[in-house]
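Written below as structure tokens is the structure these notes are about.
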Ligand SMILES: [Zn+2]
């Protein structure tokens with residue numbers, strides 16, 4: 001190899017490496033959707049999986065009950081398709097809706113509520129609230145609440161922070177003062193928002209679920225979740241699980 005060729009080779013290799021580094025960075029940045037972000041100042045007890053009076057991660061481990069939760073909607077197409085599947089199996093679920101999306105599609109939120117599903121608050125615009133001031137957090141919650149109430153006539157009592165991001169000192173207090181419990185999820189996270197094959201989503205849930213689990217799914221740009229649901233629900237019903245809304249799951 002001549003020196004000129006060597007230089008060309010090194011330059012090309014460098015460009016290819018830079019390209020892959022950027023690609024990896026992009027994938028990583030994209031991979032943050034609903035992964036729980038714990039407060040960096042937290043101690044070990046904060047990353048425990050126990051419930052406390054405000055933060056809920058699961059229902060009773062004694063009863064064969066589960067809660068399906070769908071985040072980030074409503075979406076005029078997907079939310080309605082999910083509602084059709086839930087209706088087919090006569091099971092109830094919980095939708096953590098984004099205020100901004102209600103402005104675009106209030107009909108499916110109304111339908112969900114009318115058909116007995118629970119509507120939870122998921123902020124107005126899906127901001128990471130750990131980066132907001134107390135005033136801004138309250139605004140996010142109340143703005144979404146106002147939209148939910150205007151559509152369903154019911155005040156929501158459960159709040160799920162985007163990315164599962166919460167700060168015990170402030171968010172819990174603001175939630176409590178405004179009549180909310182913070183609902184995270186537990187056990188399995190099928191990462192359905194990355195739209196993996198339907199079978200991957202259904203297997204990870206069916207094979208790993210335990211009593212009282214709150215199952216995190218999405219009804220926004222997650223086509224394979226729809227296909228997976230048609231397997232998850234009948235198979236878990238077959239195993240004897242009952243599907244509850246979050247409020248039902250938390251009843252004594
Ligand atoms: Zn979300």
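Every read-out reported here was derived from the displayed coordinates using simple, explicitly stated rules and does not represent laboratory data. All of these numbers come straight from a predicted model, not from anything done at the bench. We place every Cβ from the backbone using ideal geometry, glycine too, and count neighbours over all the protein chains shown.
Would you call residue 155 assigned to a loop (DSSP other than H, G, I, E, B), within 16 Å of the ligand (Cβ to nearest atom) and under 28 Å from residue 130 (Cα atoms)?
For residue 155, the condition - assigned to a loop (DSSP other than H, G, I, E, B), within 16 Å of the ligand (Cβ to nearest atom) and under 28 Å from residue 130 (Cα atoms) - is not met.
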### Query
Out of the range 59-104, which residues are buried (at least 18 other Cβ atoms within 10 Å of the Cβ), more than 18 Å from the chain's Cα centre (by Cα) and assigned to a loop (DSSP other than H, G, I, E, B)?
91
